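Asks: Please read through the structure below; I'll follow up with questions.
The values are calculated or read from the model by the stated rules, or taken from the named source; none is laboratory data. Keep in mind that this is a model prediction, so the values were computed, not measured. So basically every Cβ, Gly included, is an ideal-geometry build from the backbone, and we count neighbours across all protein chains shown.
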Ligand code: ATP
Ligand code: MG
Ligand code: MG
């Protein structure tokens, strides 16, 4: 990754955009970029700095993401629509080439981490509801106001809103900010623009220690891990990673979404729209509530992961209507002309509400309420799925 055309190798203390942003530490990475916590010396606040790989295709993808994020920011002046806010963007030239950089607001841990810390037991229904509300506000905004399909909704791409300010609370955040060049570096580092004296001291120590520190995004994970307890932590969240998002009327890729969150119409190749995001949303809600993936398909003997996936869906949701099953460009790979799977003949039906009671020990009432909310979103007919706005009105959330 760290070569010509690839990632930019940043270090704590590095400056970007003519000195305005000071890199603090790496928050995460993906196939396209590394993401750093950075200090914005102009506005005296922490931001996330996404440094894209430099090759042409990556630069192009970053520009596409900027286009979508700009539209999202423009339509949401009060920053209340539960999507990540783009603050700025610029180009940075380094040894590996020219990197497009996106500056966004700094957020906390992903739902993936939240789920991992609560493996096999879920996070409790009231918290699931809270997160569902945020997600639906975000999706309603994307779908009905902007006309954008996210196409890669999954726990990793939803970040909690961090309640910890690393500058005010360096102890809780698990790291110490560097607000200027490390003291003694070739640049001198004498100009420390930040107000608090104490932080100047800490910054010095941080230079030595920063590489050893355990990464704890916004401190949230560390906190949850230590206490195994989510009380008092805000569960507002925001949708991130618009690198694969598209305008509803300009769909490019045929195969979208990450496997476990992929909608049936994508697998059978019958076209997709906003409702594919809704399918992923339902998968995430189930995972938050139970700690397990709703569908975890495997390559099994004599059948593909795709076919196993379709079988798992039907075992939980009932048989796919023949008309739908046979409507895709790839239908013939999986279904016979009666709409039955070719290679998996015996399905073990286990409806969602029963799974919740029998496998996850939900009370009958909780299982009914939750299944009643999820089932319509998991309709095999994409057009029959409720929209995000309709879901927000569901009694389960109110
Ligand atoms: P992918 O390969 O998934 O497309 P990517 O290179 O496009 O990845 P992102 O998914 O945008 O990168 O970001 C990578 C990781 O960086 C995220 O999963 C998250 O852990 C972290 N991250 C991204 N944005 C922020 C933010 N605003 N605040 C805090 N952490 C962030
Ligand atoms: Mg990502
Ligand atoms: Mg991406």
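Asks: Working only within the stretch 87-117, note down all residues that are within 13 Å of residue 160 (Cβ to Cβ) and either touching a helix residue (DSSP H, G or I) at 6+ places or on another chain (Cβ under 8 Å) or within 16 Å of ligand 3 (Cβ to nearest atom) (or both).
Replies: Answer for the stretch 87-117, where residues must be within 13 Å of residue 160 (Cβ to Cβ) and either touching a helix residue (DSSP H, G or I) at 6+ places or on another chain (Cβ under 8 Å) or within 16 Å of ligand 3 (Cβ to nearest atom) (or both): 106, 107, 108, 109, 110, 111, 112, 113, 114, 115, 117.
Asks: Taking residue 138, is it on the phi > 0 side of the Ramachandran plot and either in a helix (DSSP H, G or I) or more than 16 Å from ligand 1 (Cβ to nearest atom) (or both)?
Replies: Numbers: on the phi > 0 side of the Ramachandran plot: no; either in a helix (DSSP H, G or I) or more than 16 Å from ligand 1 (Cβ to nearest atom) (or both): yes.
Answer is no for this residue.
Asks: Of all residues being within 13 Å of ligand 1 (Cβ to nearest atom) and outside any strand (DSSP E or B) in the stretch 26-53, which is nearest to residue 94 (Cα to Cα)? Just the residue, please.
Replies: Ranking the candidates gives 53 first.
Asks: Right, here's the next one. What are the pairs, 6+ residues apart or on separate chains, where a residue within the stretch 34-45 that is in contact (Cβ under 8 Å) with a residue 24 or more places away in the chain and at positive phi has its Cβ under 9 Å from a residue that is part of a loop (DSSP other than H, G, I, E, B) and more than 16 Å from ligand 2 (Cβ to nearest atom)?
Replies: That search, which allows pairs on different chains as well, returns 44/167; 44/193; 44/194; 44/195.
Asks: Among the residues that make up the stretch 272-286, is at least one of them surrounded by fewer than 19 Cβ atoms within 10 Å (Cβ to Cβ), at pLDDT below 95 and more than 29 Å from residue 125 (Cβ to Cβ)?
Replies: Taking the stretch 272-286 first, the residues surrounded by fewer than 19 Cβ atoms within 10 Å (Cβ to Cβ) are 273.
Okay, now just the ones that are also at pLDDT below 95, so none.
Taking every residue of the stretch 272-286 in turn, none turns out to be surrounded by fewer than 19 Cβ atoms within 10 Å (Cβ to Cβ), at pLDDT below 95 and more than 29 Å from residue 125 (Cβ to Cβ).
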